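Undergrad: Pasting a structure below so you can have a look.
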């Protein structure tokens with residue numbers, strides 16, 4: 001319904017899509033300006049940073065397109081309109097994700113994908129079958145990890161009722177973090193996104209293998225291929241958190 005509504009005004013949709021593409025592109029413009037003054041960043045070349053940016057941006061864009069609307073759950077919890085969704089014979093999470101579905105977010109996906117494809121022609125690596133397969137795997141696995149974080153954040157809003165910015169610090173903030181090499185961040189922060197909130201498996205861990213660099217935070221080499229398993233665990237944990245949140249919901253009491 002929301003897609004059909006959006007496509008009714010095609011020129012307006014094209015403009016919002018272009019605006020979304022352009023707004024997210026400014027993040028990459030910052031990197032371009034930075035490399036206009038330096039030759040490397042934390043030991044990484046421009047092509048390598050572009051590769052990190054493209055993988056993180058595309059993965060986050062896919063998650064944001066599918067589940068970006070769940071951040072609005074807190075408002076429904078506060079005003080009691082979630083009750084309407086609970087009486088329908090459709091999973092609540094699917095309804096929340098589809099509520100005001102924003103097709104314009106394809107602009108973020110497209111922008112990240114453009115940078116990713118461009119970076120693949122720039123990076124100097126010896127391509128092997130494992131490295132080739134790992135690129136789409138990390139993008140899809142990263143999208144699932146970001147999706148799990150979004151759902152877990154939405155589940156937290158059943159209790160906090162207004163915690164969208166907390167979730168954004170891990171989703172939008174995590175996306176920005178992963179666009180840069182781990183070597184420029186403090187060791188404790190790197191360990192945190194490896195062992196606590198495993199955002200490093202979105203792209204840092206597999207991308208460093210593709211680039212022929214050591215894995216972060218002392219991880220073994222085989223961890224580069226663990227992104228799908230990490231994504232499954234994260235999705236299972238997020239699903240459990242969502243079930244607990246829905247069962248704890250008591251409406252507004254009015």
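Undergrad: Order 121-132, 208-219 from most to least packed using the mean count of other Cβ atoms within 10 Å.
TA: 208-219, 121-132
Undergrad: Now a separate question. Sort 84-93, 194-203 for me by packing, meaning the mean count of neighbouring Cβ atoms within 10 Å per residue, highest on top.
TA: Ranked by mean Cβ neighbours within 10 Å, highest first: 194-203, 84-93.
Undergrad: Of (i) 141; (ii) 121; (iii) 111, which is the value of volume of the Cα convex hull per residue in Å³ derived from the coordinates here?
TA: Recomputing volume of the Cα convex hull per residue in Å³ here gives the entry labelled (i).
Undergrad: Going by alpha carbons, how many degrees (0 to 90, nearest 10) lie between the helix axis of 10-35 and the longest principal axis of the chain?
TA: It works out to around 40 degrees.
Undergrad: Now, a different point. Run the quick spin-label model on residue 244 and residue 102: label points 7 Å from Cα toward the beta carbon, then report their separation in nm to one decimal.
TA: Calculated label separation equals 2.9 nm.
Undergrad: Calculate for the chain the 222 nm mean residue ellipticity that helices alone would give, adding -39,500 (n - 2.57) per DSSP H run of length 4 or more and normalising by residue count, nearest 500 deg cm²/dmol.
TA: One gets -22000 deg cm²/dmol as the mean residue ellipticity at 222 nm.
Undergrad: To continue, here is another question. Which value in nm describes the separation of the simple spin-label points at residue 251 and residue 27, placed 7 Å from the Cα toward the beta carbon?
TA: Taking the simple label geometry, residue 251 and residue 27 are separated by 4.0 nm.
Undergrad: Pull out the extension gain between residue 12 and residue 86, defined as 0.36 nm times the separation in residues minus the alpha carbon to alpha carbon distance; nm, one decimal.
TA: 23.3 nm
Undergrad: May I ask for log10 I(q)/I(0) of the range 32-98 at q = 0.14 Å⁻¹, from a Debye sum over the Cα atoms as equal point scatterers with solvent left out?
TA: For the range 32-98, the Cα-only Debye profile gives -0.60.
Undergrad: Shifting gears a bit: Expected output is a single nm value to one decimal: the length gained when fully extending between residue 186 and residue 236, i.e. 0.36 nm times separation in residues minus the C-alpha distance. What is it?
TA: Values: separation 50, 0.36 × 50 = 18.00 nm, distance 2.96 nm.
So the extension gain works out to 15.0 nm.
Coordinate-derived values only; no laboratory data. Please read these numbers as outputs of a predicted model, since none were measured by experiment. Cβ atoms come from the backbone with ideal geometry, glycine included; neighbour counts cover every protein chain shown.
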